Amino acid sequence: QVQLVESGGGLVQAGGSLRLSCAASGRTFSSYPMGWFRQAPGKEREFVAAISWGGGTRTYYADSVKGRFTISRDNAKNTVYLQMNSLQPEDTAVYYCAASIRRTWPTREYDYWGQGTQVTVSS
């Protein structure tokens, strides 16, 4: 069982930056591919970014955030991050981190989810 706790959300003006963190429980954090998703009001949850297990040398992003967001991981801290730059009002959503027990790449299925953190971007 893996527990995930997100933090770092908040209110920011358009063009600003935020860094989200996701702290994971468990001793095998480094073995999990990790992902970030988001859900805006009235919309379905959508994929944002993913990072591979181990050293996290592989990443991939949704087209909508490519070049603006960066996913990274610190296995010593059992934490995955999402650095978000050049934020726009359309980035407003609840952001969730997720862990997968499947070592496949790119990772499509996730097994554990956090409770989410709200990101609001004002224009």
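The values are calculated or read from the model by the stated rules, or taken from the named source; none is laboratory data. Keep in mind that this is a model prediction, so the values were computed, not measured. All accessible areas refer to the heavy atoms of the entire protein, side chains included, with ligands and DNA or RNA removed. Shrake-Rupley method; radii C 1.70, N 1.55, O 1.52, S 1.80 Å.
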key: Carbon plus sulfur fraction of accessible area for the chain, probe 1.4 Å, in percent   = 45 percent
key: Area of Glu90 that stays accessible when all protein chains are in place (1.4 Å probe, Å², to 10)   = 130 Å²
task = Give the accessible surface of the chain per residue, rounded to a whole number of Å², with probe radius 1.4 Å and ligands, DNA and RNA excluded.
result = 52 Å²
note = Once amide hydrogens are built 1.01 Å from N within the peptide plane, the residues lying 5 or more places from Gly16 or on another chain with amide H under 5 Å from its amide H are Leu87
note = Residue by residue through the range 24-40, the couplings from Karplus 6.51 cos²θ - 1.76 cosθ + 1.60 with θ = phi - 60°, in Hz, x for Gly and Pro, are 10, 8, x, 8, 10, 3, 5, 8, 9, x, 10, x, 10, 10, 8, 9, 8
key: Segment Gln3-Arg108, length gained on full extension (0.36 nm per residue, minus Cα span)   = 35.9 nm
ask   = Heavy-atom accessible area of Asp74 with all protein chains present, probe 1.4 Å, nearest 10 Å²?
value = 50 Å²
